[in-house]
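Each remark here refers to the structure printed beneath this line.
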Amino acid sequence: MSLPVLLLVIAGALALTSIVRIITGADGITNVSQMSTALELAVPIGLAGLGGLWAERSGVVNIGLEGMMILGTWFGAWAGYQWGPWTGVLIGIIGGALGGLLHAIITVTFNVNHIVSGVAINILALGVTRYLSPMAFVGHEGGSAKQSPPVDSLGQFTVPGLSDWLTTLNSKGWFFISDLAGLLGGLVTDVSWLTLIAIALIPGTWWVLWRTSFGLRLRSCGENPIASESLGVNVYKYKYIAVIISGGLAGLGGVFLSLVANPFYLEGQTAGRGYIGLAAMIFGNWMPGGLALGAGLFGYTDSLNLRGGSENVHALLLLGAILLAIGAIWLAVKKKYVSAVITLVVGVLVFLWYATTNEVPSQIVSATPYVITLLVLSLSAQRLRMPKADGLPYRKGQGK
C-alpha cells in the first residue's frame, strides 16, 4: 500500500472502532492506558519480526527467533543487574546475535534444513538458560533458579502538556477524535527509551534494505543467489551478516521483556512471542511497515488480557461482525459469491454471539492474540510474496 492508502485504512479502522465503542460503552478499547500497554506489548513482537525480516530477505528462514529472544532475556538481565541496564541491553543483543551466528553456521555453511536448525536453537537456548540460571542467580538478593535479581529501570519519558491534553480529550468520549487522542496519547505517555529505539529501527531497516547498495545486495541473495554471485556478490558474507543482525534484533526484543516489560528475567517470559513476531512479518508481506502494523495488532489484542479483558473482547466481537459483513460485500462485488456467503454466515454467527452474551470466558480472552494470529494469516495468505530463494539450499559456485 502507498502511504495515503495506508493512512486511510488506519483511519477507517479507527472510525469503526469508535462506532463500536459508542454502541457498547466499552471505553477501554481506545483509552490512553490501553494504547500505551498495547505499544509496550507490540515492541518485542515487532523486534522479533524485524529480525525475521532481515534473515529472510537474505534467503534464510529463521524459526529460531524464539530461542534468540530467550538468549536476549537471559543475558540482558544477567548483565543488567550487575553492571547496569544499558550494559544489559548491549549484552542481550550480543546474546541474541550469538544465536544468529550459530543459525548462520548451521544453515549457510553446513546447509542444514533451516527449520530443523531453528527448532534446535529454540531448544538449545531454553536448555542453556535453564542450566545457567541456578549458577548465575541463586544466592543473589531476589534471584532464584528461574528468576534473576531485579534490574534498574532504563527510564521513561512523557511529553509534558501534550500527554495530559490528549488524556483529557480521550476522556470526552467524542466520536473518532477521542479515539485518535487515545491512540496518540499512548505514544507520548510513559514511553521507555528502548521503545523509541525500537520504533526508529522500523524506518531504519527500510532505508538500509531498500535505499542502499548494501541492502540491494542483501535482498538479491534472497531472490536469486546464483545471479548475485555471478555479479560478484559474496552471498555467504551477506547471509551471515543478515542472520547475525536478525539474532541481535530478536535479542533486543528479549531484552525489552526482561528490562522494560518486567525488571527481571523470568523463565518462560517470551511466551511464544518469537513465533508471533514471525507471523507479524508474514502478515506484513516481508516489509517493515506491514510488519509494524501486524505487531501493533497482536500487541493490542494481547493488551486486552491486562485491561478490562472480558468486556473489551466482548465489544470487539461486534467489530469483528461488522468487518466480516464489509468483507462479504467486498467479495460479492468481486463476484466471489461462495466466499461472500460463507463470510456473511460467519459474521452473523459472531454477531449472535455478541448479542446473546454479556461477556466472554477468560479462556477466550487469553487465547485472543493467538486466534487473531491464525485468522490474519489465513485471510492474508493469498496476497503474500516471500523472497524467491527463501529457505532454499545454496552452495557457492553451484551456478557454474
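The values are calculated or read from the model by the stated rules, or taken from the named source; none is laboratory data. Computed from a predicted structure; not experimentally measured. Methodologically, a virtual Cβ is constructed for each residue, glycine included, from the backbone with ideal geometry; neighbour enumeration extends over all protein chains shown. Side chains are part of the model used for accessible areas, which takes the heavy atoms of the whole protein and leaves out ligands, DNA and RNA. Shrake-Rupley method; radii C 1.70, N 1.55, O 1.52, S 1.80 Å.
For the reader, a short list of remarks on this structure follows.
- Some residue of segment 47-59 being over 26 Å from Ser303 (Cβ atoms), among the hydroxyl-bearing types (Ser, Thr, Tyr), crowded, with 16+ Cβ neighbours inside 10 Å and over 25 Å from the mean Cα position of the chain (by Cα): no
- Given (1) of a type outside the set (S, T, N, Q); (2) open to solvent by 30 Å² or more (accessible area, probe 1.4 Å); (3) part of a helix (DSSP H, G or I), number of the condition Lys239 does not satisfy: (2)
- Note on segment 203-217: among residues that are open to solvent by less than 60 Å² (accessible area, probe 1.4 Å) and polar (S, T, N, Q), the one that is farthest from Gly51 (Cα to Cα) is Thr212.
- Failed condition for Ala145, given (1) open to solvent by 20 Å² or more (accessible area, probe 1.4 Å); (2) in contact with a helix residue (DSSP H, G or I) (Cβ under 7 Å, 6 or more places away or on another chain); (3) hydrophobic (A, V, I, L, M, F, W, C); (4) at pLDDT 95 or above: (4)
- Only a single criterion out of (1) hydrophobic (A, V, I, L, M, F, W, C); (2) loosely packed, with under 13 Cβ neighbours inside 10 Å; (3) within 30 Å of Asp190 (Cα to Cα) is not satisfied by Phe110, namely (3).
- Search result, residues across segment 282-315 that are more than 30 Å from Gly204 (Cβ to Cβ) and either open to solvent by 40 Å² or more (accessible area, probe 1.4 Å) or of a type in the set (Asp, Glu) (or both): Asn305, Arg307, Gly308, Glu311
- Residue count for segment 252-277, restricted to those that are part of a helix (DSSP H, G or I), within 12 Å of the chain's Cα centre (by Cα), small (Gly, Ala, Ser) and closer than 18 Å to Tyr300 by Cβ: 2
Conditions (1) over 21 Å from the mean Cα position of the chain (by Cα); (2) small (Gly, Ala, Ser); (3) outside any helix (DSSP H, G or I), marked per residue:
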position	(1), (2), (3)
Ala315	yes, yes, no
Ala325	yes, yes, no
Val338	yes, no, no
Leu349	yes, no, no
Asn358	yes, no, yes
Gln363	yes, no, no
Pro369	no, no, no
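- Lys334 satisfies every condition listed in (1) open to solvent by less than 50 Å² (accessible area, probe 1.4 Å); (2) without any contact (Cβ under 8 Å) to a residue 60 or more places away in the chain except (1).
- Among the residues of segment 203-240, those identified as of a type in the set (Val, Ile, Thr) and either touching a Lys or Arg at 6+ places or on another chain (Cβ under 9 Å) or at pLDDT below 95 (or both) are Ile226, Val233, Val235.
- Qualifying residue in segment 121-130 (condition: farther than 15 Å from Tyr275 by Cα, open to solvent by less than 60 Å² (accessible area, probe 1.4 Å) and in contact (Cβ under 8 Å) with a residue 60 or more places away in the chain): yes
- Of the numbered criteria (1) modelled with pLDDT of 85 or more; (2) outside any helix (DSSP H, G or I), the one Ile342 fails is (2).
- Of all residues in segment 144-192, those that are hydroxyl-bearing (Ser, Thr, Tyr), within 18 Å of Val260 (Cβ to Cβ) and part of a loop (DSSP other than H, G, I, E, B) total 4.
- Residue tally, condition β-branched (Val, Ile, Thr) and closer than 19 Å to Thr301 by Cβ, over segment 334-356: 2
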